[in-house]
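To start, the structure itself, in structure tokens.
The values are calculated or read from the model by the stated rules, or taken from the named source; none is laboratory data. Remember, it's a predicted structure, so these values are computed and weren't measured experimentally. Cβ: placed from backbone, ideal geometry, glycine included. Neighbour counts: every protein chain shown. The area values use the complete protein model at the heavy-atom level, side chains included, leaving out ligands, DNA and RNA. Shrake-Rupley method; radii C 1.70, N 1.55, O 1.52, S 1.80 Å.
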Amino acid sequence: MSASSFLKALKAEGLTVVEVGDWRDHNRNHKGPWGPVHGVMIHHTATGGSARTVDVCREGHEALPGPLCHGVVTKDGRVHLVGYGRANHAGPGDDDVLRAVIAQKALPRDNEAGTDGNRHFYGFECENLGDGDDPWPAEQLEAIERAAAAVCRHHGWNERSVIGHLEWQPGKVDPRGFTMASLRERVRDRLK
């Protein structure tokens, strides 16, 4: 979908969207292709403070240039668009997981990291320390659900097209503090 269609889909799902700078053209497309896109990946940021979190996700850092996702879901339930196109969020992951996402089937356990996920997934970074103690406010969880559902609805995907970073790449733990099974149930119910 185009950047304009992405924005329209998020708003149609009832989200409050904040457009950050030149997000429509802010990407890593010069490092490789973006697409075909097959799913939505959810992350936690391991940062605190909405303004700082959005800035880090937009700009990246010395070891990993931004954008680090397409949208940042802050604790207040707003979605901040920071990039569109290839983003440094998924990294390498398991091709068996990608095949399951494409087929919209149950995910196998990830056990390798040889497939470029930045090419194949929309990414939402969600403001949270990721320590298992930092709370996930109800408005934030609802926004994550709505954002994932918006992308799935546009593409005609079901909830099995929504995965966590921890399901893609061995050693990743995000998002920590809620289960992806519970999020997929919420997305499934919203898509009905």
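The residues listed here are VAL40, VAL54; of these, the one that is of a type in the set (Val, Ile, Thr), farther than 22 Å from GLN169 by Cα and outside any loop (DSSP other than H, G, I, E, B) is VAL54. Only residues that are open to solvent by less than 10 Å² (accessible area, probe 1.4 Å), out of contact with any Leu (no Cβ under 8 Å at 6 or more places or on another chain) and not aliphatic (A, V, I, L, M) were counted across segment 40-65, and they come to 2. For first residues located in segment 125-143 and farther than 15 Å from GLY49 by Cβ, partners that are open to solvent by 30 Å² or more (accessible area, probe 1.4 Å) and in a loop (DSSP other than H, G, I, E, B) and lie 6+ apart or on another chain with Cβ distances below 6 Å form the pairs GLY132/ARG176; GLY132/GLY177; TRP136/GLY177; TRP136/PHE178.
Each residue in segment 1-37 was checked for being surrounded by 14 or more Cβ atoms within 10 Å (Cβ to Cβ), part of a strand (DSSP E or B) and either touching a Leu at 6+ places or on another chain (Cβ under 6 Å) or of a type in the set (Gly, Ala, Ser) (or both), and 1 pass. Answer yes if at least one residue in segment 158-175 is among the charged types (D, E, K, R), touching a Lys or Arg at 6+ places or on another chain (Cβ under 8 Å) and not in a loop (DSSP other than H, G, I, E, B), and no otherwise. Within segment 158-175, one or more residues are among the charged types (D, E, K, R), touching a Lys or Arg at 6+ places or on another chain (Cβ under 8 Å) and not in a loop (DSSP other than H, G, I, E, B).
Go through segment 169-192 residue by residue and tally those that are buried (at least 17 other Cβ atoms within 10 Å of the Cβ) and small (Gly, Ala, Ser).
Matching residues across segment 169-192 total 1.
Annotation note: Cβ proximity below 8 Å between a residue of segment 43-64 that is modelled with pLDDT of 95 or more and a residue that is among the acidic types (Asp, Glu) and open to solvent by 60 Å² or more (accessible area, probe 1.4 Å) (sequence gap 6+ or interchain) occurs for SER50/ASP76. Can you tell me which residue within segment 142-157, out of those that are closer than 15 Å to HIS43 by Cα and of a type in the set (A, V, I, L, M, F, W, C), is farthest from the chain's Cα centre (by Cα)? So, considering only residues that are closer than 15 Å to HIS43 by Cα and of a type in the set (A, V, I, L, M, F, W, C), the one farthest from the chain's Cα centre (by Cα) is ALA143. Any residue in segment 149-170 that is at pLDDT 95 or above, closer than 19 Å to VAL72 by Cα and basic (Lys, Arg)? Scanning segment 149-170 turns up no residue that is at pLDDT 95 or above, closer than 19 Å to VAL72 by Cα and basic (Lys, Arg).
Would you be able to say whether some residue in segment 19-35 is among the small types (Gly, Ala, Ser), under 25 Å from LEU98 (Cβ atoms) and touching a residue at least 12 places away in the same chain (Cβ under 8 Å)?
Among the residues of segment 19-35, at least one is among the small types (Gly, Ala, Ser), under 25 Å from LEU98 (Cβ atoms) and touching a residue at least 12 places away in the same chain (Cβ under 8 Å), which makes the answer yes.
Scanning segment 39-81 for residues that are β-branched (Val, Ile, Thr) and in contact with a strand residue (DSSP E or B) (Cβ under 7 Å, 6 or more places away or on another chain) returns VAL40, ILE42, THR45, THR53, VAL54, VAL72, VAL73, THR74, VAL79.
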